[in-house]
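These notes are about the structure you will find just below.
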Amino acid sequence: MTVELFPRLDGFATDALWNEVARFPGPVEFEDVRHPAATFTATGGTRCDFDKLRRIRNDLVRLARDHGFPDARGDEEVRQFDFRAARYLAEESGIPACEACRKGVWAYFTLVLVPDLTDWRFPGRKRERWAGGIRNTFGVLWRRGYLIGVDHNDGRGVGWSCLEPLTQDALVQIIERPDLSASPRTARTIASVWSRIRQENSGVPMEALTRDAIRSLTAYRVTQDLDGLGEDELLGRVNAVFRAALANLSRRS
Amino acid sequence: MSEVLAFPFLRPGRSRIEAGPWMGPDADGAYELPELLPDWDYSVGLGLHRTLELDLDGLSSDTGLGPSSSLLLHVYVVTGELKLRKCVFDQALRDCSGSLQVQIGPLELEGAELQGYIDLVTVLSVERAERIERLAPMAPGSRLWEDQFRCRLEGGGGRLPMETRDFSEVSARYALAPWYFRLEESRLDDRFEAAFQVILNTRRQDVLEAISRKETLMMSTLQGDLVRHVVTRLLRSEEFTLRAEDYPDGSIGAVAAAWLDAAFPDQEPGQIRDMLEQRPADFEAIVFSVFGGAA
């Protein structure tokens, strides 16, 4: 199977384009899917054509319009856009995992392909949302979809119903901690326990509870091989940690 | 830099598990997987295997686990700049006595699922514990032993990775700069040539031609500026210990520590940082004197 190679910006080009965005006072507008600073991996596949990149752009813009783009948007609209865009990027866009692992591909998305959507999704121009790290606006959405939603052919099927209810804070806690949740099975298990706990305990401050639970899981992972636990043990461990966090909250209130 | 951890349970001595190197087959037979795999791209899958010798009697005695305990052996692959982790091998060891040879693999890793590097992480953990001693591990998953090997799939090669670009295509503000240094300062354990890059401006033909002719003045200026840039950036990071022995050979941390040792022999890390902070001109003059002098 030939891998489809996506354009990317190296760190040098990312820094330069980001500096221009950061200094620009008005809304950032899309210019073209082509950019002289964008490059492709030298070998190992065939270059994605620019028509496909335009299609991806159009699809993402259409999703954003459904949720308020280019006007101001509320938290729930953002949450729904994030979910649908995560699913689109991980399931339909055709970006192979090896290319999606490259920071430079996501820097191309935010700074060249859909800079207007990046500006709308994260007003305020924080570098981490534009550059190619783990908090890149579209890289993190792909990561959510890949880790929690996508079918990895391991008998668990798809997990979109685990991803959909997660709040922004829960997603940050779960997904943006690669030492804890770089494994799809572990990430989805945490997501499913989070959803159940929230369903069963309406009114509980989930942010505080999630932070406590994730702290415990991160500490647990240092001496225990969380990813190696059997299905039941892993579920039991994550459940226990969330239940303990719930008990801590009750004690404090 | 590796962190020292105090485990809340007994763990086996290093000699109880002998791990052979990761091997990869090629047309001529097996070869030891190198730290840097040349000529790899997405179309190249990897077939890997290794052997583990386990002294289970010794392991039980060290850890306080009884013979009816069971253990789990897993191999994980971590790959990519966005760090994805996948289990590629698991085996339960149900009889925890005697000695055992375990063949791991062959593991087939698809090239299209890898990027940049692979960390092969082998973990021996507890599945079910029969505890003989109070400090024996109890919880399923208790990590008894772990081994990690990194193979870089992309990047690296020359000691000083350079590339040329037309800077005006990237930003009008850099259009006439002679060079630009890219440093991943958070990756102190990474190989120098993977974490650092010099980009030369094709608009500055005067500089490019002087470098291609290896003119002494230009080369010494570039070298002095490069060392100044790297050590100054790293000294501002609290993570950087300035001790070469804290970092793998050939890593950016080890190279920068060796440079600082050459420029500031017999000075403590605090003294060097103070000089950079309080007397930056002296600091830079010393670095340039050592590394930017005529060859």
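Derivation of every value follows stated rules applied to the coordinates shown; laboratory data play no part. From a predicted model like this one, the values you see are computed outputs, not experimental measurements. Note: ideal-geometry Cβ built from the backbone for every residue, glycine included; neighbour counts use all protein chains shown.
Output the residue which, of all residues in region A:115-136 that are outside any helix (DSSP H, G or I) and surrounded by 20 or more Cβ atoms within 10 Å (Cβ to Cβ), is farthest from the chain's Cα centre (by Cα). Reasoning before the result, please.
Taking region A:115-136 as the starting set, the residues that turn out to be outside any helix (DSSP H, G or I) are A:122-126, A:131-136.
Add one more test, that the residue is surrounded by 20 or more Cβ atoms within 10 Å (Cβ to Cβ), and what stays is A:131-132, A:136.
Values: A:Ala131: 14, A:Gly132: 12, A:Asn136: 8 Å.
Going through the qualifying residues, I end up with A:Ala131.
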If A:Gly149 passes every condition in (1) within 13 Å of another protein chain (Cβ to nearest Cβ); (2) touching a Leu at 6+ places or on another chain (Cβ under 7 Å); (3) in contact (Cβ under 8 Å) with a residue 40 or more places away in the chain; (4) under 25 Å from B:Ile118 (Cα atoms) but one, which one does it miss? (1)
If you go through region A:209-223 one residue at a time, how many are closer than 21 Å to B:Arg128 by Cα and crowded, with 22+ Cβ neighbours inside 10 Å? 1
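Might you check whether a residue that is out of contact with any strand residue (DSSP E or B) (no Cβ under 9 Å at 6 or more places or on another chain), of a type outside the set (D, E, K, R) and surrounded by fewer than 18 Cβ atoms within 10 Å (Cβ to Cβ) occurs anywhere in region A:81-100? Don't jump to the end; show me each part of the working.
Pass one, region A:81-100, residues out of contact with any strand residue (DSSP E or B) (no Cβ under 9 Å at 6 or more places or on another chain): A:81-93.
Narrowing the set further to residues that are of a type outside the set (D, E, K, R) leaves A:81, A:83, A:85-86, A:88-90, A:93.
This time we only want the ones that are surrounded by fewer than 18 Cβ atoms within 10 Å (Cβ to Cβ), so: none.
There is no residue in region A:81-100 that is out of contact with any strand residue (DSSP E or B) (no Cβ under 9 Å at 6 or more places or on another chain), of a type outside the set (D, E, K, R) and surrounded by fewer than 18 Cβ atoms within 10 Å (Cβ to Cβ).
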Residue ID - farthest from the chain's Cα centre (by Cα), chosen from residues in region B:139-149 that are surrounded by fewer than 19 Cβ atoms within 10 Å (Cβ to Cβ) and more than 9 Å from every other protein chain (Cβ to nearest Cβ): B:Asp147
Keeping to region B:81-133, report how many residues are surrounded by fewer than 17 Cβ atoms within 10 Å (Cβ to Cβ), among the hydroxyl-bearing types (Ser, Thr, Tyr) and within 14 Å of chain A (Cβ to nearest Cβ). 0
Out of (1) of a type in the set (Gly, Ala, Ser); (2) surrounded by 19 or more Cβ atoms within 10 Å (Cβ to Cβ); (3) more than 10 Å from chain A (Cβ to nearest Cβ); (4) closer than 30 Å to B:Glu32 by Cβ, what's the single condition that is false for B:Ala136? (4)
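Take residues that are of a type in the set (Lys, Arg), more than 20 Å from B:Gly116 (Cα to Cα) and more than 13 Å from chain B (Cβ to nearest Cβ) and tell me which of the helices (runs of 4 or more DSSP H) falling wholly in region A:3-114 contain 2 or more.
Values: elements: A:11-23, A:50-66, A:75-87, A:97-100, A:103-108.
Answer list for region A:3-114: A:50-66, A:75-87.
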If you go through region A:155-168 one residue at a time, do you hit one that is in contact (Cβ under 8 Å) with a residue 12 or more places away in the chain, surrounded by fewer than 20 Cβ atoms within 10 Å (Cβ to Cβ) and within 14 Å of another protein chain (Cβ to nearest Cβ)? yes
